[in-house]
Amino acid sequence: MILNFFQRVYAVVQRIPSGNVATYGLIADLIGTKDARRVGHALHANPDSSKTPCHRVVFSDGRLAPGYAFGGPEEQRRKLESEGVSFLPNDRVILSLHLWDPT
DNA sequence: CAAGTGACAATAA
DNA sequence: TTTATTGCCACTT
């Protein structure tokens, strides 16, 4: 059973360990595509938030997604902090400190 | 079938 | 450093 693009995105997102974050571009690269946009669409179409921690996926700049589907960017920021992720005054995640290393 | 839209990223100014 | 523009590709209308 081959996995759909969306399911593949979900699989990678679920692989992100707590306290780390991944960028759309990174996920796209892991899957084998360059289109980070599709990754965004996949997460927006995300059927189960508790199953797919899309809150750990951020922009390449470290900023949170504009249309977070679970209660707004505030909720997302709160969850990330709860997992041990630190933020800069700019509302940006410290990617250099929390960016997931897929190794 | 064609055009428009979008949870992005890279480049230019 | 921030804002604007362009490119990519899939999905919706």
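Values quoted throughout were computed directly from the atomic coordinates according to the rules given, and no laboratory measurement underlies them. In this text, all values refer to a predicted model and were calculated from it rather than measured experimentally. Here Cβ is always computed from backbone atoms with ideal geometry, including for glycine, and neighbour counts include all displayed protein chains.
Rg (Å, one decimal) plus Dmax (Å, integer) for the alpha carbons of chain A?
12.6, 45
Can you pull out the chymotrypsin sites (Phe, Trp or Tyr not before Pro) in the range A:1-92 whose DSSP state is coil and whose Cβ has at most 13 other Cβ atoms within 10 Å? Before the final figure, lay out each step's value.
Numbers: sites: A:F5, A:F6, A:Y10, A:Y24, A:F59, A:Y68, A:F70, A:F87; in loops: A:F59, A:Y68, A:F70.
Of the chymotrypsin sites (Phe, Trp or Tyr not before Pro), the ones in loops of the range A:1-92 whose Cβ has at most 13 other Cβ atoms within 10 Å are A:F70.
Calculate the FRET efficiency for A:S18 and A:D61 from the Cβ-Cβ distance with a Förster distance of 25 Å, rounded to the nearest 0.05. The partial results should precede the final answer.
Details: r = 22 Å, r/R0 = 0.88.
Rounded to the nearest 0.05, the efficiency is 0.70.
For A:S96 and A:M1, what is the calculated FRET efficiency with R₀ set at 41 Å and r taken between the beta-carbons, to the nearest 0.05? Don't skip to the answer; put the middle values down first.
On the way: r = 38 Å, r/R0 = 0.93.
Efficiency at R0 = 41 Å is approximately 0.60.
Hey, rough spin-label estimate for A:D29 and A:S50, points 7 angstrom out along Cα→Cβ, what's it come to in nanometres?
A separation of 3.4 nm, rounded to one decimal place.
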